[in-house]
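Asker: Here it is: the structure, laid out below.
The values are calculated or read from the model by the stated rules, or taken from the named source; none is laboratory data. From a predicted model like this one, the values you see are computed outputs, not experimental measurements. Backbone-built Cβ (ideal geometry, glycine too); neighbour counts: all protein chains shown. With ligands, DNA and RNA removed, areas are computed over all heavy atoms of the protein, side chains included. Shrake-Rupley method; radii C 1.70, N 1.55, O 1.52, S 1.80 Å.
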Amino acid sequence: MMKHNRPPRGLFITLEGGEGCGKSTQARLLGEYLRSQGHVTVETREPGGTPLAEKVRSVLLDRADEPVAPETEAFLVLAARRQHVTQVIEPALARGAIVLCDRFSDSTLAYQGYARGLNVPLLERLNRLATHAVTPHLTLLFDLPVATGLARRRSASETNRLDRESLRFHQKVRAGFLDLAKRHPARIKVIPSRASKETVARTVARIVAPILTRLHPADHQTATPRMTSRARQVRHALR
Ligand code: TMP
């Protein structure tokens, strides 16, 4: 359980999906949109988000020749997550920020569980240990056919160790994410992501708008002088 005397005031939104699904671009666009509405955001990612956790990320994604056991992968991402939750996510939520996190616990279930074959209920328990049960209010799952995502990814950037896994592996990741969405329909929203980034961003904004009302009322008093009258209206409506 969380150590706060009262529940965190902020909002925790995670973005998930397979390789090349566009979630990092959408995290950036959503951050810009929320800030334009006067909200305070913290944009972060997993594995990573703190200096130590970023080092773990490099180890995890390094393309060295040594084979990496599925359990080793799981312990690495979980260690990075524990550090990230205590150092970044919990404090940001306690301050009332909207935390946008590019990947979180569902990635461990999809990659190390459904795709690598580790026991999913065991990983769920380990996730609870790593997060102290900090759970996203909303998870945006960007869904794309595997071949399309991999082609995007491989043409855009240097590939990492996991990008280079087989098509079958990435199909299991996708099926795993979709199964998680079926199991948690209130939290995980599936967003078909073949469309242009502008179209996908509009879908994201439509999904996110209603949950902004969950923010603690005090959090809407952090207006910046640069706030537009539209942003003030939105804040007023949220009170
Ligand atoms: P990305 O965030 O740039 O897509 O890359 C992160 C990679 O790490 C991606 O291939 C998925 C993988 N990963 C896991 O295997 N398990 C996890 O729990 C997380 C957060 C990421």
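Asker: So if I place +1 on the C-beta of Lys and Arg and -1 on the C-beta of Asp and Glu, and nothing else carries charge, what would the dipole magnitude of the chain be about its Cα centre? I want it in debye, nearest 20.
Answerer: The calculated dipole for the chain is roughly 940 debye.
Asker: Suppose accessible area is computed on protein heavy atoms with a 1.4 Å probe; arrange Leu126, Leu60 from highest to lowest.
Answerer: Descending accessible area places them as Leu126, Leu60.
Asker: Debye calculation, C-alpha points only, no solvent: report log10 I(q)/I(0) for the stretch 1-126 at q = 0.15, 0.21 Å⁻¹, in the same order as the q values.
Answerer: -0.75, -1.30
Asker: Sequence gap of 8 or more, or different chains, plus Cα separation below 19 Å: how many lysine pairs satisfy both in the chain?
Answerer: Pairs that pass both the separation and distance tests number 6.
Asker: I've got another one for you. Need one value: the accessible area of Ser155 in square angstrom, 1.4 angstrom probe, rounded to the nearest 10.
Answerer: 100 Å²
Asker: Further question on the same structure: Using a probe of 1.4 angstrom, how much of the accessible area of the stretch 137-222 is carbon and sulfur, in percent?
Answerer: Percent of accessible area from carbon and sulfur atoms in the stretch 137-222: 54.
Asker: For the chain, build the charge dipole from Cβ charges (+1 Lys, Arg; -1 Asp, Glu) around the Cα centre, then report which of Ile191, Leu144, Ala205 sits farthest towards its positive end.
Answerer: Ala205
Asker: Among Leu34, Leu129, Pro51, flag the residue with its Cα farthest along the positive direction of the charge dipole of the chain, charges on Cβ as +1 for Lys/Arg and -1 for Asp/Glu.
Answerer: Comparing the listed Cα positions along the dipole, Leu34 ranks first.
Asker: Quote the accessible area belonging to Lys55 in square angstrom, nearest 10, computed with a 1.4 Å probe and with ligands, DNA and RNA left uncounted.
Answerer: For Lys55, solvent-accessible area is about 140 Å².
Asker: Further question: Expressed as an acute angle from 0 to 90° and rounded to the nearest 10, what is the orientation of the C-alpha long axis of helix 120-131 relative to the principal long axis of the chain?
Answerer: Here the helix axis deviates by roughly 50 degrees.
Asker: Right, another one. For the stretch 88-205, what does the equivalent ellipsoid look like in terms of its semi-axes, each the square root of 5 times an eigenvalue of the Cα gyration tensor, given largest first in whole Å?
Answerer: Taking √(5λ) for each eigenvalue gives 24, 20, 14 Å, largest first.
Asker: How high is the relative contact order of the chain, in percent, counting Cα pairs under 8 Å that sit 6 or more residues apart?
Answerer: Relative contact order for the chain comes out at 33 percent.
Asker: Another question about this same structure. By how many nm would the segment from Glu66 to Ser196 grow when fully extended, if each residue of separation counts as 0.36 nm and the alpha-carbon distance is taken off?
Answerer: Length gained between Glu66 and Ser196: 43.0 nm.
Asker: Report the Rg/Rh value for the chain, based on alpha-carbon coordinates and the Kirkwood definition of Rh.
Answerer: Rg divided by Rh gives 0.97.
Asker: Give me the 1.4 Å probe accessible area per residue for the stretch 11-238, excluding ligands and nucleic acids, in Å².
Answerer: On a per-residue basis, the stretch 11-238 sits at 48 Å².
Asker: Could you tell me the accessible area of Cys101 in Å² (1.4 Å probe, neighbours in place), rounded to the nearest ten?
Answerer: Taking all protein chains as shown, Cys101 has close to 0 Å².
Asker: I want to check the label-to-label distance for Thr148 and Arg164. Put each point 7 Å from Cα in the C-beta direction and report it in nm to one decimal.
Answerer: My value for the distance between the label points is 2.7 nm.
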